[in-house]
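Undergrad: Let me begin by handing over the structure; questions about it come next.
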Amino acid sequence: AILVDSAPGVGTCFSLALPAGARISAPPPPPPPPVARPRKVLVVDDEARVRSVVRRGLELHGYEVAEAADGTGALACFAAVRPDVILLDMTMPDLDGLEVARRIRASGAATPIVLSSGYLHAASGERLDQAAIEHFLSKPFTLGELVAALDRALGREPARG
């Protein structure tokens, strides 16, 4: 609508009434950069909440995620899935992370392993080299630290960000 208010000797005032438009919101954040092919990661942790949070974060970064809740399940899942990299908790109720890593290496597999723990016993620390762990990630860790550790284990340059 156009509104006109005019008086001789005073002047004329034009007012425009336009329809309201849709709200303009900030654009959504850009998705993570695409990867050449999906990277499969096996996440092994006895805490379901940890596995769930890690899964969601890694999926947002283009990973396909398989999960295992203990060492025995990790070995079975490893054989079935053949992941590109493994995130392995150090402390679990049946087989600890070092034993799982030892068994994976004994099978002849060279799959990179990132071991994680909230604490590390001195005796266990001495055994890390023997278990052929590519990287150790101390808990708690951020998603950025996790992705960087996995990228390093895979022989890729960690993403900048």
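The values are calculated or read from the model by the stated rules, or taken from the named source; none is laboratory data. Predicted, not measured: the structure shown is a model, and the values here were computed from it. Reconstructed Cβ throughout: ideal geometry from the backbone, glycine too, with neighbour counts over all protein chains shown. These area figures cover heavy atoms from the full protein model, side chains too; ligands, DNA and RNA do not enter into them. Shrake-Rupley method; radii C 1.70, N 1.55, O 1.52, S 1.80 Å.
Yes or no, residue by residue, for (1) modelled with pLDDT of 70 or more; (2) touching a helix residue (DSSP H, G or I) at 6+ places or on another chain (Cβ under 8 Å):
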site	(1), (2)
I104	yes, yes
A110	yes, no
I113	yes, yes
G125	no, no
I133	yes, yes
P140	yes, no
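Undergrad: Kindly establish whether V35 is at pLDDT 95 or above, closer than 19 Å to R152 by Cα, outside any helix (DSSP H, G or I) and among the aliphatic types (A, V, I, L, M).
TA: no
Undergrad: Separate question: Can you pull out the residues in the range 145-161 that are open to solvent by 50 Å² or more (accessible area, probe 1.4 Å), on the phi < 0 side of the Ramachandran plot and modelled with pLDDT of 80 or more?
TA: Answer for the range 145-161, where residues must be open to solvent by 50 Å² or more (accessible area, probe 1.4 Å), on the phi < 0 side of the Ramachandran plot and modelled with pLDDT of 80 or more: E145, R152.
Undergrad: Hey, another quick one. Are any residues in the range 91-108 hydrophobic (A, V, I, L, M, F, W, C) and either open to solvent by 10 Å² or more (accessible area, probe 1.4 Å) or touching a residue at least 60 places away in the same chain (Cβ under 8 Å) (or both), and if so, which ones?
TA: M92, L95, A106
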